[in-house]
Amino acid sequence: MTDAPASARNERGEWRPAGRIAPAPINHWPPRPGAVLRWCVGFPGYLWPTNAFWLAVTLVTWTWLTPELAAMQSLELWWIALLLGRNLALTLLLFGGLHLTLYVFAWQGEALRFTLKPFATDSGRFRFRQQVRDNMFHALVYGVPVFTGYEVLTYWGFANGFLGYAGADVGPVLFWGWCMALLILTPVVHSVHFYFAHRLLHTRALYRTVHVLHHHNVEIGPWSGLAMHPVEHILYFSTVVVQWLVALHPVNALFQIHIAIFNAATAHTGFEKVKLGKHLAVEGGSYFHYLHHKYFECNYGGSLAALDKLFGTYHDGSDDAHTAMRRRQRAIHKTEAA
Ligand SMILES: [Zn+2]
Ligand SMILES: [Zn+2]
């Protein structure tokens, strides 16, 4: 590997960005409060446009596509089936839409795609010997029912007063202030939970029996995002439990589940950016997470590089980081062999 002066594709068709990955200011130590604040409210930044757009999707879902809370006091088939149906539709629209746009219609060609290798179409690693079909199978048959299950438990718990500190009279200002604060913190909660859950999945026993399924995807595409063993789905979406413990309103739990779905799709597009027009492109992929799929033992955080930096597992795409990762791997394997 060499440090290319500009983003470039090597002879194997692998794309890399110019220089090192530059994580968001929140990942810097010592902290730079001014830079963090500018990043939080700036465009593009933490709030705009991506997380604000996802929040709008959640609010629409809560307002118009979710039954009244009072109607969900008892577990009945009609509303559980309703949630399952709308979640299937959401997943097909988001993951399917990205796959069709980027790979079937290929609107932006290979521009900013991490690799030129096609998805496997005749490999024993995948069900039906097809990578995309196998990924769709795991996302739709296991993933959607698992996160729908968490959503069902959330509404049932809130409707019955088991969750949300029912009866706690905190006043409207504190109530909605707390609700807003949790909405703003949701992506951070997701990233922290994801890092530790992901480290757990890379322990030898869990990797071999569970997480290896996700890593069958060396070349990644949108459907790779939820291509997980059902045990991994249960662990991945368990981040909603944080909201069960602290939220006063069920919309906080819904947003936590949605962020997990949306991040899974966008972190695996296989492209650095998704172009929306001639002059407009949004962060569509994650070279940071792509390196995790390529090398396995680095970049465990979804987007929160700070934890990888703290625990020495950070890879910024440079030669130095690559050498440090190989040294770390040799040391771990030596200890395991001893
Ligand atoms: Zn992944
Ligand atoms: Zn992994």
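The values are calculated or read from the model by the stated rules, or taken from the named source; none is laboratory data. Keep in mind that this is a model prediction, so the values were computed, not measured. Counting neighbours? That spans all protein chains shown, and the Cβs are built from the backbone with ideal geometry, glycine included. Accessible surface is based on the protein model in full, side chains and every heavy atom, while ligands, DNA and RNA are left aside. Shrake-Rupley method; radii C 1.70, N 1.55, O 1.52, S 1.80 Å.
Taken together, V188, V210 contain a single residue that is open to solvent by 40 Å² or more (accessible area, probe 1.4 Å), aliphatic (A, V, I, L, M) and part of a helix (DSSP H, G or I), which is V188. The residues of the stretch 37-60 that are open to solvent by 40 Å² or more (accessible area, probe 1.4 Å) and either under 19 Å from G302 (Cα atoms) or among the aromatic types (F, W, Y) (or both), listed by number, are W39, F43, P44, L47, W48, P49, T50, F53, L55.
Got at least one residue in the stretch 249-268 being part of a loop (DSSP other than H, G, I, E, B), buried (at least 22 other Cβ atoms within 10 Å of the Cβ) and in contact with a Leu (Cβ under 8 Å, 6 or more places away or on another chain)? Checked the stretch 249-268: no residue is part of a loop (DSSP other than H, G, I, E, B), buried (at least 22 other Cβ atoms within 10 Å of the Cβ) and in contact with a Leu (Cβ under 8 Å, 6 or more places away or on another chain).
Taken over the stretch 239-269, residues that are within 16 Å of ligand 2 (Cβ to nearest atom) and either touching a Cys at 6+ places or on another chain (Cβ under 6 Å) or more than 21 Å from A56 (Cβ to Cβ) (or both) amount to 1. Criterion first (open to solvent by 10 Å² or more (accessible area, probe 1.4 Å), more than 14 Å from ligand 2 (Cβ to nearest atom) and not in a helix (DSSP H, G or I)) does V274 satisfy it? Spelling it out, V274 is indeed open to solvent by 10 Å² or more (accessible area, probe 1.4 Å), more than 14 Å from ligand 2 (Cβ to nearest atom) and not in a helix (DSSP H, G or I). The set of residues from the stretch 236-282 being among the basic types (K, R) and touching a strand residue (DSSP E or B) at 6+ places or on another chain (Cβ under 9 Å) comprises K273, K275. Residues of the stretch 232-258 that are without any contact (Cβ under 8 Å) to a residue 40 or more places away in the chain and within 16 Å of ligand 1 (Cβ to nearest atom): E232, L235.
Taking the stretch 290-305 as the range and being surrounded by 20 or more Cβ atoms within 10 Å (Cβ to Cβ), touching a helix residue (DSSP H, G or I) at 6+ places or on another chain (Cβ under 6 Å) and not hydroxyl-bearing (S, T, Y) as the test, the residues that pass are C298, N299, G301, G302, L304, A305.
Here the condition is being closer than 22 Å to T266 by Cα and in contact (Cβ under 8 Å) with a residue 40 or more places away in the chain; of W107, W48, it holds for W107 alone.
Of everything listed in (1) within 15 Å of ligand 1 (Cβ to nearest atom); (2) farther than 22 Å from L98 by Cβ; (3) open to solvent by 10 Å² or more (accessible area, probe 1.4 Å), the single unmet condition for Y287 is (2). Under the condition of being open to solvent by 50 Å² or more (accessible area, probe 1.4 Å), free of Cβ contacts under 8 Å to residues at least 24 places away in the same chain and not charged (D, E, K, R), the residues counted in the stretch 315-338 number 6. For the stretch 224-238, taking the residues that are of a type in the set (G, A, S) and part of a loop (DSSP other than H, G, I, E, B), the one that is nearest to ligand 2 (Cβ to nearest atom) is identified as A227. Being of a type in the set (S, T, N, Q), open to solvent by less than 80 Å² (accessible area, probe 1.4 Å), closer than 30 Å to G13 by Cα and in contact (Cβ under 8 Å) with a residue 40 or more places away in the chain is true of N217. Listed by first and then second residue, the pairs with beta-carbon distance under 7 Å, at least 6 apart or on different chains, first residue in the stretch 179-207 and touching a residue at least 40 places away in the same chain (Cβ under 8 Å) and within 15 Å of ligand 2 (Cβ to nearest atom), second of a type in the set (G, A, S) and open to solvent by 20 Å² or more (accessible area, probe 1.4 Å), are S191/G302; S191/S303; F194/G302. Within the stretch 158-185, the set of residues being surrounded by fewer than 20 Cβ atoms within 10 Å (Cβ to Cβ) and either within 16 Å of ligand 1 (Cβ to nearest atom) or not in a helix (DSSP H, G or I) (or both) comprises N160, G161, F162, Y165, A166, G167, A168, D169, V170, G171. Restricted to the stretch 277-306, and to residues there that are of a type in the set (F, W, Y) and in a loop (DSSP other than H, G, I, E, B), the residue that is farthest from T115 (Cα to Cα) is Y300. Applying the condition of being assigned to a loop (DSSP other than H, G, I, E, B) and of a type outside the set (S, T, N, Q) to the stretch 307-338 and asking which residue is farthest from V189 (Cα to Cα) yields A338.
To keep it simple, each residue is scored yes or no on (1) under 19 Å from Y195 (Cβ atoms); (2) of a type in the set (D, E, K, R); (3) away from ligand 1 (no atom under 15 Å from the Cβ).
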position: L213; (1), (2), (3): no, no, no
position: V218; (1), (2), (3): no, no, no
position: P230; (1), (2), (3): no, no, yes
position: A260; (1), (2), (3): yes, no, no
position: A267; (1), (2), (3): yes, no, no
position: V274; (1), (2), (3): no, no, yes
position: H292; (1), (2), (3): yes, no, no
